Amino acid sequence: MSARKWQGVGVNTSSLTEPGTVAATADKRVRTLLILGASGDLTGRLLLPGLARLIRSGRAKGLSLVGAGSDPWDDAKWRARIDESFAAAMETSDEQGRRALQEVRDTSTYHHIDVTAGGVLTELVASLEGPVAIYFALPPTVSQLACTAAAPFGLPADTRLVMEKPFGTDRESAHQLNIGLAKLVPEHNIHRVDHFLGKATVFNILGMRFANRILEPVWNNLHIDKVEVIFDEDLALENRARYYDRAGALRDMIQSHLLHVMALLALNAPSTLHERDLRDHIGSVLRASSIDVGVPGSSRRARYTAGSIKGREVPDYTAEPGVDGSLGTETLAEVTVSINNDRWAGVPFILRSGKALGVKRKEALITFKPVNHLPDGFTGMDTPTRLRIGFGPDTLQLDLDVNGPGDMFSLDRATLTAELNATDLLPYGEVLDGVLSGDPTLSVRSDIAEDCWRIVEPVLAAWAANEVPLEEYPAGSQGPQSWETSTLDTPLPGA
C-alpha cells in the first residue's frame, strides 16, 4: 500500500472543467472491480451480465471482483447472485471462457459496509489490489455522500470512480459533485458513464459521417432541414417511481443521452478519434447549444393516462404505485435545440423521449431540404430525402424518391437499408471495457456534464412556473396528436 500514490483534499480544482490529458496511470489496467450497491437491481440485471460478456471475451484477464453494500450478505449469497447473472454467458462460452468466468466467481468476496461512514470506503480500497475501479451502483445521493465521507481520508490516485447518471440535479449540483470527485482522483480517472451510447454506436455514427464523401459535403444547414432524435419506449413506469417521479423524461433521457447523440451528429471532424480530440469536439457543440424558451413550442411535456400497450393494460401514471401526482412529472418530453455556429445555424434539433408509447422508436432522423428545382412532368409524391439511424440494433435507412414501377414519370419511394457494425458486448460491458483499460472515450467529461444541465435549465424553470402546459396522451398511443413527432411514419424495423 505504501507504494501507491494517494490523493486527498489538497487538490487544485481551479481547472476542473478544463479538458485534461490522460496520465500514465490511466494506461495501467484495473486489477479489482469494486461494486458498491452489489445487492441492488442494477448490479444483478445489467452490470454483472455486461461484465460476464467482457470476461468471456478475454478482455478482463486477471480481474478480481468485489461486492459491497448495506445488505448483510455473505460471500455465498453474493456468489449465488453472480451465478445467476453469469448464467447466460456461461451457456454460450467456450471452455476457456467458462474457466475465466468461474475463476472470477470463485474468488469474489462481499463486504457488508456503510459507504457513507467516514473512512470506511478508504479502508476497503486500501485492502484491495490496485488499481481499483469503484462502481457506484447506488442512488445518486448515496454516491455523493460516499464521496464526501471518503474525501478527508483520500484514495489512491490510480483509483477509478465510475458514476451513473444523473450527474447532479442541476448545473450547480453537477459542479459541486465534480469538485467533490476531483478531491478524490484526477479527472481522467473519473468515468461518468452513459451506457446508452456504446462504443460501437459512437463509432458507427462517426464512420458513417466522415468516411463517406457523399454525406459530409451536405451535412450542414445548406442541405439539412431538421434533425430529430427520438427515444420512445413502450415500457411504462415498471416500478421505478422512486427515481423517475422526481426526474421525468427531460432529466432522465434528454439532458444526458439525447444531447450526446445530437453532439455526435453535429460535431465537426476531429483530427483523431482519441478521447481528448473527440470529447473536445462534443464539448464545442454543446457549448454552442441552447433552447429558446421564449419561442412557442420550443419545449413540450405530457403524461400518459390509462391505456393498453400490446394487449397489456396500463394504469394512469398518477395511479402507479409510488407516484405523487402533485409533482407534475412528465413521461414524454420534447425540446428544440439550436446550435449557434456556422454549420448548423437555423437547423432545429428536435429531441424527444417518453414512456408508455405504442411504438418503440430509437432513432435519429435527418430530413434534407427539397431539391431546388424538380422538372415539370414528374408526378406522384415529391417527399424529402431522409436518413434514419437506428440504435440498438444499429441500422441505417435512406429514403429516396425514384421513378416508380410502370409509369416512368411517376415518383415513388425507395428505401436503402443496411445493418451497421455490432459488438459482442452488452452496453455495460462496453462501459466496463473502457473503465478497466483506462479509456475515458465513452465517459462524460466534467465540463460536458455541466453544459448539458445549462442547456435544459431554462426549460425546467419554465415548466416549474407552469409556462408550458402538461398535456396528456393515452398509454399505447404515439403521444399527443398535436405534436408533429407523434405523427411521423413507421420507424425502423426492430427499433
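The values are calculated or read from the model by the stated rules, or taken from the named source; none is laboratory data. Computed from a prediction, not measured in an experiment: that's the story for all the values here. Cβ coordinates were reconstructed from backbone atoms using ideal geometry, including for glycine residues, and neighbour counts include every protein chain displayed.
Listed here are the residues, each with its yes/no results for (1) under 30 Å from Arg240 (Cβ atoms); (2) touching a Phe, Trp or Tyr at 6+ places or on another chain (Cβ under 9 Å).
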| site | (1), (2) |
| --- | --- |
| Leu124 | yes, no |
| Leu128 | no, no |
| Ile134 | yes, no |
| Pro140 | yes, yes |
| Ala146 | yes, yes |
| Ala149 | yes, no |
| Leu155 | no, yes |
| Asp158 | no, no |
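Does Asp234 satisfy the criteria of being in the same structural domain as Tyr304 (by TED's automatic domain parsing), charged (D, E, K, R), modelled with pLDDT of 95 or more and under 30 Å from Pro321 (Cβ atoms)?
Here the answer is yes, as Asp234 does meet what is asked.
Sort out which residues of region 279-299 are in contact (Cβ under 8 Å) with a residue 60 or more places away in the chain, surrounded by 21 or more Cβ atoms within 10 Å (Cβ to Cβ) and assigned to a helix (DSSP H, G or I), and write them in order of number.
Arg279, Ile282, Leu286
Go through region 137-182 residue by residue and tally those that are in contact with a Pro (Cβ under 7 Å, 6 or more places away or on another chain) and aromatic (Phe, Trp, Tyr).
Here the count works out to 0.
Taking the residues in region 197-229 that are assigned to a strand (DSSP E or B) and not acidic (Asp, Glu) as candidates, determine which candidate is nearest to Ser353 (Cα to Cα). Full working, then the answer.
Quick first cut of region 197-229, residues assigned to a strand (DSSP E or B) only: 224-229.
Those left that are additionally not acidic (Asp, Glu): 224, 226-227, 229.
On the way: Ile224: 22, Lys226: 17, Val227: 14, Val229: 8 Å.
Selected residue: Val229.
Looking at region 152-194, which of the residues that are surrounded by fewer than 23 Cβ atoms within 10 Å (Cβ to Cβ) and of a type in the set (Ser, Thr, Tyr) is nearest to Asp252 (Cα to Cα)?
The selected residue is Thr169.
Residues that are modelled with pLDDT under 95, of a type in the set (Asp, Glu) and in the same structural domain as Met163 (by TED's automatic domain parsing): does region 73-93 have at least one?
Among the residues of region 73-93, not one is modelled with pLDDT under 95, of a type in the set (Asp, Glu) and in the same structural domain as Met163 (by TED's automatic domain parsing), which makes the answer no.
Checking Ala266 against (1) within 22 Å of His191 (Cβ to Cβ); (2) touching a helix residue (DSSP H, G or I) at 6+ places or on another chain (Cβ under 6 Å), only one condition comes out false. Which one?
It is condition (1) that Ala266 fails.
Please count how many residues of region 415-451 are charged (D, E, K, R) and closer than 18 Å to Asp280 by Cα.
Result for region 415-451: 5.
Can you confirm whether region 147-158 contains a residue that is at pLDDT below 95, within 19 Å of the chain's Cα centre (by Cα) and outside the structural domain of His257 (by TED's automatic domain parsing)?
Checking region 147-158: not a single residue is at pLDDT below 95, within 19 Å of the chain's Cα centre (by Cα) and outside the structural domain of His257 (by TED's automatic domain parsing).
In region 76-122, how many residues are hydrophobic (A, V, I, L, M, F, W, C) and closer than 18 Å to Asp41 by Cβ?
Residues flagged as hydrophobic (A, V, I, L, M, F, W, C) and closer than 18 Å to Asp41 by Cβ within region 76-122 amount to 7.
Report whether or not Thr107 is surrounded by fewer than 20 Cβ atoms within 10 Å (Cβ to Cβ), assigned by TED's automatic domain parsing to the domain that holds Ser39 and either at pLDDT below 95 or touching a Pro at 6+ places or on another chain (Cβ under 8 Å) (or both).
no
Could you tell me whether Val359 is surrounded by 13 or more Cβ atoms within 10 Å (Cβ to Cβ), touching a strand residue (DSSP E or B) at 6+ places or on another chain (Cβ under 8 Å) and closer than 22 Å to Ser256 by Cα?
Taking the combined requirement at face value, the residue does not satisfy it.
Take the residues of region 227-255 that are of a type in the set (Phe, Trp, Tyr) and crowded, with 17+ Cβ neighbours inside 10 Å: which is nearest to Tyr317 (Cα to Cα)? Reasoning before the result, please.
So the first thing to find is which residues in region 227-255 are of a type in the set (Phe, Trp, Tyr), and the list is 231, 243-244.
Right, trim to crowded, with 17+ Cβ neighbours inside 10 Å and you get 231, 244.
On the way: Phe231: 19, Tyr244: 11 Å.
Checked region 227-255; the qualifying residue nearest to Tyr317 (Cα to Cα) is Tyr244.
I need the full set of residues from region 309-343 which are in a loop (DSSP other than H, G, I, E, B), surrounded by 24 or more Cβ atoms within 10 Å (Cβ to Cβ) and not β-branched (Val, Ile, Thr), in order please.
Glu330
Among Ala133, Ala149, Ala137, which is crowded, with 22+ Cβ neighbours inside 10 Å and in contact with a Gly (Cβ under 8 Å, 6 or more places away or on another chain)? First the steps, then the outcome.
Numbers: Ala133 fails: in contact with a Gly (Cβ under 8 Å, 6 or more places away or on another chain); Ala149 fails: crowded, with 22+ Cβ neighbours inside 10 Å.
The match here is Ala137.
Mind telling me which of the residues Ile205, Ile224 ends up being over 19 Å from the mean Cα position of the chain (by Cα), within 26 Å of Trp483 (Cβ to Cβ), buried (at least 18 other Cβ atoms within 10 Å of the Cβ) and hydrophobic (A, V, I, L, M, F, W, C)?
Ile224
Within region 311-359, work out how many residues are in contact with a helix residue (DSSP H, G or I) (Cβ under 7 Å, 6 or more places away or on another chain) and among the aliphatic types (A, V, I, L, M).
Matching residues across region 311-359 total 8.
Where residues in region 157-196 are assigned to a loop (DSSP other than H, G, I, E, B) and β-branched (Val, Ile, Thr), which of them is nearest to Glu123 (Cα to Cα)?
Thr159
Is it fair to say Leu265 is modelled with pLDDT of 95 or more, in the same structural domain as Ala356 (by TED's automatic domain parsing) and either aliphatic (A, V, I, L, M) or farther than 27 Å from Gly390 by Cα (or both)?
yes
Being in contact with a Lys or Arg (Cβ under 7 Å, 6 or more places away or on another chain) and of a type in the set (Ser, Thr, Tyr) is the filter here; which residues of region 313-328 pass it?
Tyr317
List pairs: first in region 222-251 and within 23 Å of Trp463 (Cβ to Cβ), second hydroxyl-bearing (Ser, Thr, Tyr) and assigned to a loop (DSSP other than H, G, I, E, B), Cβ under 7 Å, 6+ apart or cross-chain?
So the pair list comes out as Asp245/Thr329; Gly248/Thr329; Ala249/Thr331.
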